[in-house]
Amino acid sequence: MAGASVRLGLVLALFAAAAGAQTRLGEADPDGKLRISLDEIVPLSRLRVEIDGQPVAVPLALAGRTLIVTLPDGLQGREHDIVVYRRQPDVDDELGIWTFATQTAAAEASFVGTVEVEQRNGPAGSGTVINGNGRLAFALGGDLLRGGLGFVQTGSTRRDQRRTEVSDYFLETRQALFGQDFYARLGTQDLPAESLLADDDSWRGASLRLAAPDGRSEVMAFALHPGQISGLSNLSGLGNPQARLTGFAAQLFPIGTSSLRADALVYEGKAKVAGAGSGAVEGRGMRLSGPVGADFGDFALEFARTATGPVRGNPAASGAAVEAELGVALLPAGHDDSLELRVSATRHEPGFYSPLNPDVIADENTRRAELLFQSDEWQANLYGEQGRSNIADDPALPTDRFREIGLDLTYSPYIFTGGFLQGLTFYGSLYSEDQRRLATPAGGPDPEDFRLNSVSFGVDKFQPDYAWAAGLKLDWLQDLARGGTSERRQRLESAFAWTPGELTTFTLRAEAGRSQKTGPWRRDATLEMSFAFPIVPDRWSASVEAGATRIEGRSAQDGTYLGLEVKRSLSANTAMLLRADYGSGAEADDLAPGRGWVFGLALRHEFGVGTP
């Protein structure tokens, strides 16, 4: 029951921190707009973006969960990063990182990024730490040859924790061929569309692409590595014959100026098969999507089939998958508010597996309905989903049923005349999910039944010189298959920020919670503070940060830290920093195990270089 294990693992992951992943958006629209799909509803006033590591004030708009970003003029290079944040009083929450390309660039060669070199000394020794990130781009002869490289360097005084990640890179040439644009590309590859066979990730490899200048057709031949590589090994993506796929992808808008769209993907080769080693794989798929009437809504219909060869004693397998979705606008075009209903259904046969989209759960079907409302003051999202495993009714396999239902609400009073309500936003969320075993064959795996209920609500307020937020979340996870053991968690969070001047900021964050599994309640608390202020404007500045964490009965996870930093600006982009950091317990530095002070001297430089 792989599907059940995956679902229970996802639920347990709600009680742990998760890191965001980088997603490719491809090329921006000719009118300079990006369309980014968000996983949650967020008021527009609480969103901000950074492009290539720099905060930018650009026009933003929301259409459902799609954020529309109007790009600024003069971006250096063709490959860029954009990060979307949800504003918070102290540290903004990162909603996602995306990379995109622009059709033109303000410079033929550019490098943007930050590099910091620090010498650290503590009771246990000394070491040099190098941290940095950046993006290099160039273009020769217009589009005759262009390229780019994005990297992240994570430093540490411990050798086993140092790493260099190449997030993406490419070399590409563009030529005119038979009235079409012909591209040859080596490096990071993006398939034309997300599908059952391929998610929205990117892969290393090589490709040839023929695209119409108006963007209404595209054909691509590719060879790529069907997995993630973040280091310097196998830069071409073609170095491992046991992990290489070749195939074709196509995208077509067949009817005049209509947005009706057809996508197709075909591949074959060798890849790692889930739960086994490398084996032969192949996939075929097609997707049709477009509008329904002038303003009625939209639809999507997709079919895909995969096959895998025998791997390490596992027999060959094949399976098909079908997904259908319909969106209907319930309010007339031009109405100030929007109300949209979306319904979808999926069916994934037992043998379905694509190495380019390994998160698709085989052997299940689902049905989902979602209602999304947006107005100047309100956002509401009501959704429900139900599904079942073992859709082939194989008597040798267990059968599970799963379902979820949720409601997310935000309310931002449309008030600009002052008073307590100006700048306030209220949040609320209800969520319930459960899984139940319907049938267990003789000798089959034990049930993994569970029920998760969650309630959260909060409020925040942003003003020109201060901001604050408070929220409460209650979770109850009940293991229905192991004697009804339950885990309850209750957490209260608050944050405050005061910014009396452009260069002076004080922040305070406090969290308190308690959890209970089999014994008494276990409490924990965290308090964090930071204060940054100028000493001599544009030359000297300083910052102080401190924090402490206490967890009842878990002394090994307790920790305290105090950080002091003095910054001397040498130029607009270069600074020298003197640091003194104290840590104890879980916050102790590697150079001061247990507890102690670590001192550091660092040089930081921010690059923003472009050659016209």
Fill in the blank from the handout: Of the conditions (1) under 30 Å from R509 (Cα atoms); (2) open to solvent by 20 Å² or more (accessible area, probe 1.4 Å), the single one that V112 does not satisfy is (1)
Completion exercise
All conditions in (1) closer than 28 Å to P226 by Cβ; (2) surrounded by fewer than 14 Cβ atoms within 10 Å (Cβ to Cβ) are true of P123 except (1)
Handout entry: Residues of the stretch 367-400 that turn out to be free of Cβ contacts under 8 Å to residues at least 60 places away in the same chain, of a type outside the set (A, V, I, L, M) and assigned to a strand (DSSP E or B), as a count
Key = 12
Practice task
Could you tell me whether any residue of the stretch 520-543 is farther than 20 Å from E116 by Cα, in a loop (DSSP other than H, G, I, E, B) and under 32 Å from the mean Cα position of the chain (by Cα)?
Solution key: no
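Can you say whether R209 is in contact (Cβ under 8 Å) with a residue 24 or more places away in the chain and of a type outside the set (V, I, T), as far as the supplied structure shows?
When the stated conditions are applied, R209 passes them.
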Handout entry: Odd one out for F426 among (1) open to solvent by 50 Å² or more (accessible area, probe 1.4 Å); (2) touching a residue at least 60 places away in the same chain (Cβ under 8 Å)
Key = (2)
Practice task
Report the residue count in the stretch 329-366 for those that are buried (at least 16 other Cβ atoms within 10 Å of the Cβ), hydrophobic (A, V, I, L, M, F, W, C) and outside any strand (DSSP E or B).
Solution key: 5
Fill in the blank from the handout: If we keep only residues of the stretch 523-552 that are under 24 Å from E493 (Cα atoms) and among the β-branched types (V, I, T), then the residue surrounded by the fewest Cβ atoms within 10 Å (Cβ to Cβ) is V544
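This table checks each residue for (1) touching a Pro at 6+ places or on another chain (Cβ under 6 Å); (2) not charged (D, E, K, R).
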| site | (1), (2) |
| --- | --- |
| E218 | yes, no |
| L238 | no, yes |
| R244 | no, no |
| F248 | no, yes |
| T257 | no, yes |
| V273 | no, yes |
| S278 | no, yes |
| G283 | no, yes |
| S289 | no, yes |
Handout entry: Matching option when the condition is in the same structural domain as P358 (by the TED database) and among the polar types (S, T, N, Q), among S156, S126, S207
Key = S207
Practice task
Being open to solvent by less than 50 Å² (accessible area, probe 1.4 Å) and more than 20 Å from G132 (Cα to Cα) is the filter here, so list the residues in the stretch 579-588 that pass it.
Solution key: A580, D581, G583, S584, G585, A588
Exercise for the section: Select from the stretch 258-311 the residues that are at positive phi and not in a strand (DSSP E or B) and write down the one among them that is least open to solvent (accessible area, probe 1.4 Å). Expected result: G293
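Quick grid of which residues meet (1) in the same structural domain as R185 (by the TED database); (2) under 17 Å from I97 (Cα atoms); (3) in contact with a Lys or Arg (Cβ under 9 Å, 6 or more places away or on another chain); (4) free of Cβ contacts under 8 Å to residues at least 12 places away in the same chain:
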site: K33; (1), (2), (3), (4): no, yes, no, no
site: L38; (1), (2), (3), (4): no, yes, yes, no
site: V42; (1), (2), (3), (4): no, yes, yes, no
site: I51; (1), (2), (3), (4): no, yes, no, no
site: A57; (1), (2), (3), (4): no, no, yes, yes
Exercise for the section: Answer yes if at least one residue in the stretch 557-569 is open to solvent by 40 Å² or more (accessible area, probe 1.4 Å) and part of a loop (DSSP other than H, G, I, E, B), and no otherwise. Expected result: no
Exercise for the section: Working only within the stretch 183-208, note down all residues that are open to solvent by 60 Å² or more (accessible area, probe 1.4 Å) and modelled with pLDDT of 90 or more. Expected result: L186, L208
Completion exercise
Here the qualifying pairs (Cβ atoms under 6 Å; residues six or more apart or on different chains; first in the stretch 581-605 and acidic (D, E); second part of a loop (DSSP other than H, G, I, E, B) and surrounded by fewer than 18 Cβ atoms within 10 Å (Cβ to Cβ)) come out as D590/R158
Practice task
Among the residues of the stretch 321-350, write down those that are under 15 Å from N381 (Cβ atoms) and acidic (D, E).
Solution key: D337, E340
Exercise for the section: Being β-branched (V, I, T) and more than 15 Å from Y267 (Cβ to Cβ) is the filter here, so list the residues in the stretch 286-322 that pass it. Expected result: V292, V311, V322
Handout entry: Contacts under 6 angstrom Cβ, first residue in the stretch 178-205 being farther than 26 Å from P241 by Cβ and hydrophobic (A, V, I, L, M, F, W, C), partner outside any loop (DSSP other than H, G, I, E, B) and modelled with pLDDT under 90, 6 or more apart
Key = F182/Q175
Fill in the blank from the handout: Given the conditions (1) surrounded by 17 or more Cβ atoms within 10 Å (Cβ to Cβ); (2) in a strand (DSSP E or B), every one holds for M576 apart from (1)
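So for the stretch 432-454 (the condition being in contact with a Gly (Cβ under 6 Å, 6 or more places away or on another chain) and modelled with pLDDT of 90 or more), does at least one residue qualify? Talk me through it step by step, then tell me what you get.
Kept after step one, since they are in contact with a Gly (Cβ under 6 Å, 6 or more places away or on another chain), are these residues of the stretch 432-454: none.
The answer is no; no qualifying residue exists.
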Exercise for the section: Identify, by number, the condition in (1) in the same structural domain as R403 (by the TED database); (2) surrounded by 16 or more Cβ atoms within 10 Å (Cβ to Cβ); (3) within 26 Å of T410 (Cβ to Cβ) that R491 doesn't meet. Expected result: (1)
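Considering the stretch 36-51 alone, what residues qualify as being surrounded by fewer than 18 Cβ atoms within 10 Å (Cβ to Cβ) and either modelled with pLDDT of 85 or more or over 13 Å from V83 (Cα atoms) (or both)?
Within the stretch 36-51, D39, E40, L44, S45, R48, E50 qualify.
The values are calculated or read from the model by the stated rules, or taken from the named source; none is laboratory data. In this text, all values refer to a predicted model and were calculated from it rather than measured experimentally. Virtual Cβ from ideal backbone geometry, glycine too; neighbours counted across all protein chains shown. Surface accessibility is based on the protein's heavy atoms, side chains included, excluding ligands, DNA and RNA. Shrake-Rupley method; radii C 1.70, N 1.55, O 1.52, S 1.80 Å.
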